[in-house]
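This report concerns only the one structure given below.
Laboratory data are not the source of any read-out in this text; all were calculated from the coordinates shown. Being a predicted model, the structure only gives us computed values, none of them experimental. Cβ coordinates were reconstructed from backbone atoms using ideal geometry, including for glycine residues, and neighbour counts include every protein chain displayed.
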Amino acid sequence: MKGKFFTEKDINLAIIILTSLLVANIFLGVCKVDGSSMNPTLENGNYKFYIKDNKLSRPLVRYKLGDIVIAHEGNLFLIKRIAGLEGDVITEKGKKIYNGDKLVGFLPPDYWNENLERNFTVPKDSLYILGDNYSDSTDSRYFGCIQKSDLVGKLVKKLPLEVKEI
């Protein structure tokens, strides 16, 4: 008597597993934090899941103030927090950065100037991004706003935007 090597239940389970892996590969990615620009929120060497920003997942990916995103900037991948959305007014005043009246970050120490006050509006289809470790982050303070088309995705777990006085 010949027995079946795989039962119908085995085949159904394999189909479910393969389908799940395919869907996860389309919608999810894993990134490794490289550097200290997001300390203390993300530590160097951490691995994080992110929702990919691609044609299939785009309807599911909504970017909000405080989201942590992964973006291309030249040949680099950056992990930063959204501090300004399209149309937001960003103000650099003294050493502080505001989005409207909300404190969202600080200028690098070599840019501190109590007489400084500069306002600009985040352009259409753009974001203003900052690292949480203001003294060790290359971000929109240096290269300006990024285009939404440069986004790779956003971290799955939302971490709170909490700016502490320095």
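Taken one residue at a time, the phi angles of segment 112-128 give Karplus couplings (6.51, -1.76, 1.60, θ = phi - 60°) of 4, 7, 4, 8, 6, 8, 10, 10, 8, 9, 5, x, 4, 6, 10, 9, 9 Hz. Gly and Pro are set to x. In sequence order, segment 23-32 has phi-based couplings of 4, 4, 5, 6, 9, 10, x, 10, 10, 10 Hz under the Karplus curve 6.51 cos²θ - 1.76 cosθ + 1.60, θ = phi - 60°, and Gly or Pro positions carry x.
Going from the residue with the fewest nearby Cβ atoms within 10 Å to the one with the most, F106, F5, F120 rank F5, F120, F106.
Counting other Cβ atoms within 10 Å, which chymotrypsin sites (Phe, Trp or Tyr not before Pro) in segment 28-66 have at most 16 and lie in a DSSP loop?
On the way: sites: Y47, F49, Y50, Y63; in loops: Y63.
Of the chymotrypsin sites (Phe, Trp or Tyr not before Pro), the ones in loops of segment 28-66 whose Cβ has at most 16 other Cβ atoms within 10 Å are Y63.
Over all directions, how big on average is the projection of the convex hull of the alpha-carbon atoms in segment 34-77, in square nanometres? Don't skip to the end; give the middle numbers.
Working: hull surface 16.2 nm².
Reported value for the Cα convex hull: 4.0 nm².
Comparing T41, T91, T19 in a Gaussian network model of the chain where C-alpha atoms under 10 Å apart are linked, the largest mean-square fluctuation is found at T19. The percentage of C-alpha pairs in segment 87-144 whose separation is greater than 19 Å is 22%. For G84, the residues whose modelled amide H falls within less than 5 Å of its own, excluding neighbours fewer than 5 places apart on the same chain, are Y128. Dividing the Cα radius of gyration of the chain by 2.2 N^0.38 Å, with N the residue count, gives 1.35.
Excluding the sites themselves, what is the longest stretch of the chain that contains no trypsin sites (Lys or Arg not before Pro) in a DSSP loop with at most 13 other C-beta atoms within 10 Å? Walk me through the numbers before you get to the answer.
Working: sites that count: K2, K4, K55, R62, K64, K124, K157, K158, K164.
Looking at the chain, 65-123 is the longest stretch - no exposed trypsin sites (Lys or Arg not before Pro) with at most 13 other Cβ atoms within 10 Å.
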